[in-house]
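See below for the structure under consideration.
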Amino acid sequence: MIKVFLMYRDQDFDLQRPLPWNEPTLTQDLELNTLFEAMALGDKHVFEVVRRAVLCGLTDLDAIRYRQDILKDCLKNPAIVRDIYQTSVDSVENKTRSWFGFWGHYPSGILNGAIDMLQMFMGLLKKLRNIADEHAFRFESQGFRAFFEMLKRELNDEYLAEIQDHLTMLKFKDGVLLRATLGKGNEGANYMLCKPEGKNQTWMQRFFGKKSKTYTFSVHPRDEHGFRTLATLRDRGINLVANALAQSCDHIDSFFEMLRTELAFYIGCLNLYEQLAGMGEPVCFPVPFGLESRGHSFKGLYDVCLALTMKKKVVGNDLEGDGKDLVIITGANQGGKSVFMRSIGISQLMMQCGMFVPAESFHANVCQGLFTHYKREEDALMKSGKFDEELSRMNDIITHITTHSMVLFNESFAATNEREGSEIARQIVAALLEKRMKVFFVTHQYTFAYGFYSKKMSNALFLRAEREPNGVRTFKLVPGEPLETSYGEDLYNSIFGDASGMQLLLYQKPVAARAG
């Protein structure tokens, strides 16, 4: 049995595994398609594999480290890994191009097609064995070492030579030797394929050896019915071996398909790493903590999707969030709060699927599930108001959420007035914290943010988007208490150039109303 086991220690990667119920929301809020497209580079198979791997993350720390170690090997030996991946791609492409639909209804057709396909597989298996012989010593991860040891053990020279002999024999260049018994009505029964006699004998043994008594007859060259009868007899004899060989082809084909699928994840990681390295962006392998822990600290964490979109380095942030269940982020408009929130979500997904993360250093606890609740723009197709739609989405999250999950709120419950929105947000966050959830909340609602700040909770952290005295945004988030202003005046100035105009406009509006 030849197995891959490069995604899990003891099982295959399931490409048909259902995605999380909130996959469309996660993809939209975190802009994950930007990440997947950068990893795939136009390869649809890689896109689907990385999409499923990232969204269906792991919570077992050993499983995460298992993938991390394999990925580290890939980053050290990218050319070798790409060569192995190309071998699996060649297998799939050759099969599709040359043998698509060759399996017929007749044993002879099945056998001939299986021989040709297995001959093609043999060349690719030998290539894998040669790669294992030449480069296995370069790899240190348990996954790759087990993979190469399996290739050396199962595909040794003696075994490959034996397979080649069988394939040569199954072409039946000297005819087919069958054995049968007489059944009811003296019809042939129990047909069985026999090994050709004298195949391994010397010429002296064949000439002087004892010969069995045989009877022969010839079919007239123009006897079509006779030839059809012989073909039927031949098919009966080779039926079992044809099916057995076809099953062998299916098994080897499945191996190459799984090799292509599981390596596609690491190929996607290599593609992403090379793009980020070209921009000078750092990456690191995160240290995952268990579900019960509360750790979340990093240095230089940045939004990888923003970097990929802008094609250049972007501002990173630091955080000391160990022991914290709640992080509330306030501050100036356009100060980088939403970008920071997106970097939190993406890095969590990347860590839990065994990838590197876009940061200089990073550690965090794994979570049972990741949920996002972002504000939505007005939609003409909405059947109710924005606030009702927000509550409906929150209800969906509550229906699916479990203990030790993470929820990212981005300006949620702002579709109603400050007092009502703050109270609803407070009650929801308090309930989530009570059930051991981790919550990140970007908000402009001062009543809500300051309400939690005033409690001096040991498990809460408050960040504020940094703003210089002249109004310039640094896109850095620093610890700080919530302020009553989000500096909307800065936004006005950036558009209209003078805040005094805003004051005049606000003053003149009621005058115009009275005049009307």
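Hey, among D69, D43, D12, D29, which residue is in contact (Cβ under 8 Å) with a residue 12 or more places away in the chain, more than 27 Å from F409 (Cβ to Cβ) and more than 16 Å from the chain's Cα centre (by Cα)?
D69
Can you tell which of E418, E389 is surrounded by fewer than 20 Cβ atoms within 10 Å (Cβ to Cβ) and either within 14 Å of A449 (Cβ to Cβ) or aromatic (F, W, Y) (or both)?
E418
Where residues in region 1-55 are assigned to a loop (DSSP other than H, G, I, E, B) and of a type in the set (S, T, N, Q), which of them is nearest to L128 (Cα to Cα)? Break it down stepwise before answering.
Within region 1-55, the subset assigned to a loop (DSSP other than H, G, I, E, B) is 1-22, 31, 41-43.
The next check asks that each one be of a type in the set (S, T, N, Q); those that pass are 11, 16, 22.
Working: Q11: 21, Q16: 27, N22: 40 Å.
That would be Q11.
Name the single residue, out of those in region 421-437 being outside any loop (DSSP other than H, G, I, E, B) and aliphatic (A, V, I, L, M), that is farthest from the chain's Cα centre (by Cα).
I424
Can you run down the residue pairs with Cβ atoms below 7 Å, 6 or more apart or on separate chains, where the first is in region 461-481 and assigned by TED's automatic domain parsing to the domain that holds Y302 and the partner is hydroxyl-bearing (S, T, Y) and part of a strand (DSSP E or B)?
From region 461-481, the pairs are R464/T330; E466/T474; E468/T474.
Scan (1) in contact with a Phe, Trp or Tyr (Cβ under 9 Å, 6 or more places away or on another chain); (2) at pLDDT 95 or above for the single condition E390 breaks and write down its number.
If we test E390 against (1) in contact with a Phe, Trp or Tyr (Cβ under 9 Å, 6 or more places away or on another chain); (2) at pLDDT 95 or above, just (2) comes out false.
Report, by residue number, each residue of region 276-295 that is within 30 Å of L41 (Cα to Cα) and assigned to a loop (DSSP other than H, G, I, E, B).
Answer for region 276-295, where residues must be within 30 Å of L41 (Cα to Cα) and assigned to a loop (DSSP other than H, G, I, E, B): G280, E281, P282, V283, F285, P286.
Any idea which of F340, F298, F256 is under 19 Å from the mean Cα position of the chain (by Cα), among the aromatic types (F, W, Y) and surrounded by 18 or more Cβ atoms within 10 Å (Cβ to Cβ)?
F256
Could you list, in sequence order, the residues of region 440-479 that are within 13 Å of F409 (Cβ to Cβ) and surrounded by 20 or more Cβ atoms within 10 Å (Cβ to Cβ)?
Within region 440-479, F440, F441, V442, T443, Q445, F448, A449, F452 qualify.
What about L58, is it in contact with a Cys (Cβ under 7 Å, 6 or more places away or on another chain) and either charged (D, E, K, R) or outside any loop (DSSP other than H, G, I, E, B) (or both)? It would help to see each step written out before you state the result.
On the way: in contact with a Cys (Cβ under 7 Å, 6 or more places away or on another chain): yes; either charged (D, E, K, R) or outside any loop (DSSP other than H, G, I, E, B) (or both): no.
So L58 fails the test.
Of a type in the set (A, V, I, L, M, F, W, C), over 29 Å from E377 (Cβ atoms) and modelled with pLDDT of 80 or more: is that true of M457 in this structure?
yes
For M355, are the conditions met, namely being closer than 30 Å to D62 by Cα, at pLDDT 95 or above and in a loop (DSSP other than H, G, I, E, B)?
Values: closer than 30 Å to D62 by Cα: yes; at pLDDT 95 or above: yes; in a loop (DSSP other than H, G, I, E, B): yes.
In short, yes.
For the subset of region 402-416 comprising residues that are among the small types (G, A, S) and over 30 Å from the mean Cα position of the chain (by Cα), which member is nearest to G331 (Cα to Cα)? Even if it seems obvious, please write down each step before you answer.
Initially, region 402-416 is screened for residues among the small types (G, A, S), giving 405, 412, 414-415.
Adding the requirement that they be over 30 Å from the mean Cα position of the chain (by Cα) leaves 414-415.
Details: A414: 15, A415: 19 Å.
Within region 402-416, the match that is nearest to G331 (Cα to Cα) is A414.
Hey, could you check region 301-312 for residues that are part of a loop (DSSP other than H, G, I, E, B) and not hydroxyl-bearing (S, T, Y) and say which is surrounded by the fewest Cβ atoms within 10 Å (Cβ to Cβ)?
Here is the first cut: in region 301-312, the residues part of a loop (DSSP other than H, G, I, E, B) are 302-303, 311-312.
Narrowing further to those that are not hydroxyl-bearing (S, T, Y): 303, 311-312.
Working: D303: 29, K311: 9, K312: 11.
Of everything passing the filter in region 301-312, K311 is surrounded by the fewest Cβ atoms within 10 Å (Cβ to Cβ).
Can Q348 be described as outside any loop (DSSP other than H, G, I, E, B), within 30 Å of K456 (Cβ to Cβ) and touching a residue at least 12 places away in the same chain (Cβ under 8 Å)?
Details: outside any loop (DSSP other than H, G, I, E, B): yes; within 30 Å of K456 (Cβ to Cβ): yes; touching a residue at least 12 places away in the same chain (Cβ under 8 Å): yes.
So Q348 passes the test.
Mind checking which residues of region 314-352 are of a type in the set (D, E, K, R) and modelled with pLDDT of 95 or more?
Within region 314-352, D318, E320, D322, K324, D325, R342 meet the criteria.
Can you tell me which of F462, F452, F440 is touching a strand residue (DSSP E or B) at 6+ places or on another chain (Cβ under 7 Å) and in a helix (DSSP H, G or I)?
None of the other options fit; the residue is F452.
Does Q119 satisfy the condition of being assigned by TED's automatic domain parsing to the domain that holds R260 and at pLDDT 95 or above?
Taking the combined requirement at face value, the residue does not satisfy it.
The values are calculated or read from the model by the stated rules, or taken from the named source; none is laboratory data. Small disclaimer: the values here were computed from a predicted structure and weren't measured. Note that each Cβ is placed from the backbone with ideal geometry, even for glycine, and that neighbours are counted across all protein chains shown.
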